[in-house]
Each structure stands twice: as C-alpha cells, then as structure tokens.
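Okay, so here's the structure we're looking at.
The values are calculated or read from the model by the stated rules, or taken from the named source; none is laboratory data. Because the structure is a prediction, the values reported are computed rather than measured. Cβ atoms come from the backbone with ideal geometry, glycine included; neighbour counts cover every protein chain shown.
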Amino acid sequence: MPHEAISVFDMFKIGVGPSSSHTLGPWKAALQCINTMQQTIHVEQVTTVTVLLYGSLAKTGKGHGTDIAVMLGLCGKHPETIDVNSINPSIQHIKDTNTLLLGNEIAIEFNPSINIQFLYKETLPFHPNGMSFVITTKDGQQFTETYFSIGGGFVIKEGETEANKNTMVNLPFPINTSNDLLHWCMKTGMHIYDVVFENELTWHTEADINNGLLKIWHTMRDCMYRGCHASGELPGGLQVKRRAFNLNKKLTNNNTYTNYEEWQTVIKQGGSGFQYILDWVSCFALAVNEENAAFGRVVTAPTNGAAGVIPAVLQYFITFCNGNTDEQIIQFLLTASEIGSIFKKGATISAAMGGCQAEIGVSSAMAAGALTEVLGGSQKQALMAAEIAMEHHLGLTCDPIGGLVQIPCIERNTMGAIKAITASQLALQSTPDFAKVSLDKVVKTMWETALDMNTKYKETADGGLAVNVPLGLSEC
C-alpha cells in the first residue's frame, strides 16, 4: 500500500496566527501563486489579481484574517520571517493607496474591497477551504490558479493530490497507521521517536533535525513567554481581554525575573500542588492562543487554533517533571508529530472538514502520546494515551464566535492540554493489551464522525456558540 511521507517539519510549521487553515494556508497559496507567475507569465506582465474565497474561507475569513494573509502572500512576504509588528502598517498602506507590491517587485492596482471577494454561498467540491487567484496580464490574457487549504498549513493546488507529492520518498519505516508504527517499534525495539528520527534522516541531516526541532520549541516557548507578559484586549471586536497576563502575575506572586530561565525558576519555587500545576498548564495554553489571536508568531501543532496544547504540555513536562533537556524536548516533538501525521492520513486535521475534534482533539492526542513516552511509558502506552485523549474529544464542534479564533478556541486549548496529561497518566497506569479501543479505531471513528457532522459545526460560524452568543456581549 502506498504511504504518505510527512516530515515532522510539515506537522510543525512556524508562522503567524490566528489560523493555520484560514491564515497560514492562504498565505502559502498566495506565495505559490506568485512563484507560478514568476516561472510562467512573469510578474511584470500582470495588471490585476482578484482573489476568490469560497466556503469556510469566505464565511470565517475576515475573522481569521484570510484577506490579510493573501495580501501579504501576494506581496512576497513569508509567514516564518515577517516582522509581525509590520503586518498592520503593511495592510493599512495597501488600503490607503489601493496598490500592492506584487511579489515585492511591481506595484499593481489593488483595492481589497474589490479584489478580494468572499463568496459565502459557493463551495468548491474538493474541500471547504478553496480559493482562486484570477490573474490578468497586459495583453488581456486571464489565468486562474486554484488552491485548497486542507488544515495545518498544508496546501494543495487544484489537480494535484498529496499522494502525488509525498509518495516519491521511500522511508525506511513507512507508516500510515498506528498499527504500522507499532509494527516497526516491535520489530526493531526502537521507541516511537527513534523510528520517526530514522525516517526524518531521509530528508535532513541529524544536526539539521535536532537544530530544527529546537528552533520549533524555542518559537513555542517564546510565544508562551510573550503571551504571559502581554496585557490588553484582543483584536477583532469581541472585546476579549487577555487572561494569561493576570494569571501569570498572580501565580508568580510578584517575584521578579527578566527572562524565560528566571521565570522558570520562579515557577518551580512556587511548589508542586495539584491546583498550582493545573493553573500553570492553563496559563501556558492561554498565553499561546492569545498570542495566536493577536497575529503573533506561533507554531502549527498541528494547527494554529490548537497551537497552545503541545507547548503547554511540553512546558509542564519541563517545569514539573524535570524534562528540561534538549534530547527529551526533541523526543517529545518527534513522537507528537508522528501521532499527528497518523490522524492527518486517516482522518483530517482541518476543522472545516471535521470540526474542532480535528484540531484540539488531535493536538491533545499528540501531546498525550508524546508525554507518555518521555515519562518512560512503552510504545503501546503512548499510543493508548493518544487514543484516550481523542476518544474524549470525539464530536467536538468548531463554532467560533464572529469567525474569530478566540471564543471558545482559546479556552479549548487549556482543556486539550489537561486532557492530554490525564490521558497520559491513565495510560501509564494501565496495561494496553487489555484496552478495548485502538488508536486506529478512534482515528476511523473520528473521520466517520466528521463525515456525519452538520456543516454548520465545521468552522462556518453558522451554528453553536457562534449563533447563540451575540457579538460583543460575551461573558468571556
């Protein structure tokens, strides 16, 4: 059976909030479109570009910053390297001048209210997150490039499939399912993270893998630290106040520190009581997703909307379980990525396809499995933990109020993190051979649940909390 080869650096992408499918994906699609122009018709021949946003991208695109993302992508700016403080001025300049520097090369007329169209009642058949770039040249020719943002920052061009793109690589340990993964672990005696590392060597050197994963962690860590020290109100009009700032201030009890390392020392000095640890895990997750909501730099884990779960659980491991070594951090991320890729292959990590079970549920499963392995659990216990975490997220809907990744998204990251830790503890105290539900069965169930779920609960803001809580009148 052909296998889909997914790198750990596909699952963990550095980018900008608030959404991997609605911000990062469209941004990357715009960059791909620019690359196509440069290779075929040449950017200097272009006179106009019109962006058509379909389905979920249209319905929640403004709240997710999809229009902002495609403009920045068309300007040739990259989500991993852009100065996030330059985003608002750049977009304001486009609006004020009605011009856009296409591919950072040539200025074209571009009125966002005209050249970006939200087609609320139209959906392309392949995926709810569809977008088309209609390009007109000086000689009157018109070309259309269509892309789909399929979750987690993954993008597919119309006519292509992920299988076509990713089956050309022959991995030493091909994996589609958790059963495949367990087979290789049992055959070789290796940990999950060892198997993943060997596969990763197909693309990268050992040094590049280690350095890349530490860069991923440092980006998560820095995002968490920023979020714990940023106060005020989140953008978007819901008047949601940041909570991580006050919670961090309360928990650190006015102790002084000047950097992450000193902050960690202060946290550890506060003790190890259950309520204290619980509050910190919530604080870690809140901090990341408040930064995400404010167009901060985050890491898809596996998505932006669920970006706080894995950092919160990994920070818990570092702070309260003495896991603060580079080797353990790398192992955690390797195991988490493989569990995420199994869900992506067997189901989806797109809320527009599967509801929030595809985001918070998957991230919780990833964190649970990773935590279990680095705490000394067996491969079977790690997969059991991932199964437990997802089993108790099945059916979770995606119903963002105002189409913003704020309510209930930010709090859901705290729930996903706590469930991951609980699932890990249950698995560590259990014998997996007696488990009634396998990870593969829960992946299959999640996908079937996604197919049965009403469309209004799939990131459309047409149902659930999104229609029952008046804008600006939330109690949050």
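Assorted remarks:
- For the stretch 241-267, a residue qualifies if it is part of a loop (DSSP other than H, G, I, E, B) and more than 18 Å from Ile277 (Cα to Cα), and the qualifying residues are Arg242, Thr256, Tyr257, Thr258, Asn259.
- Being surrounded by fewer than 17 Cβ atoms within 10 Å (Cβ to Cβ) and within 27 Å of Asn292 (Cβ to Cβ) is a property that holds for Glu233.
- When the stretch 421-470 is filtered for residues that are surrounded by 14 or more Cβ atoms within 10 Å (Cβ to Cβ) and not in a helix (DSSP H, G or I), the ones remaining, listed by number, are Ser430, Ala435, Ser438, Met453, Lys458, Glu459, Thr460, Ala461, Asp462, Gly463, Gly464, Val469.
- Restricting the stretch 114-134 to residues that are part of a strand (DSSP E or B) and aromatic (Phe, Trp, Tyr), the residue that is surrounded by the most Cβ atoms within 10 Å (Cβ to Cβ): Phe133
- Condition met for Asn292 (part of a helix (DSSP H, G or I) and touching a residue at least 60 places away in the same chain (Cβ under 8 Å)): yes
- Within the stretch 301-353, the residues that satisfy the criterion of being touching a Gly at 6+ places or on another chain (Cβ under 7 Å) and assigned to a loop (DSSP other than H, G, I, E, B) are Pro302, Thr303, Asn304, Ala306, Ala347, Thr348, Ile349, Ser350.
- Within the stretch 282-299, being among the polar types (S, T, N, Q) and farther than 19 Å from His64 by Cβ holds for one residue alone: Ser282.
- In the stretch 359-368, the count of residues that are of a type in the set (D, E, K, R), under 14 Å from the mean Cα position of the chain (by Cα) and part of a loop (DSSP other than H, G, I, E, B) is one or more.
- Of all residues in the stretch 251-272, none are among the aromatic types (Phe, Trp, Tyr), buried (at least 24 other Cβ atoms within 10 Å of the Cβ) and not assigned by TED's automatic domain parsing to the domain that holds Ile14.
- For Leu238, the stated conditions hold: it is buried (at least 17 other Cβ atoms within 10 Å of the Cβ) and assigned to a loop (DSSP other than H, G, I, E, B).
- Close pairs from the stretch 206-231: first without any contact (Cβ under 8 Å) to a residue 40 or more places away in the chain, partner surrounded by 20 or more Cβ atoms within 10 Å (Cβ to Cβ), Cβ under 6 Å, at least 6 apart: Ser231/Arg242
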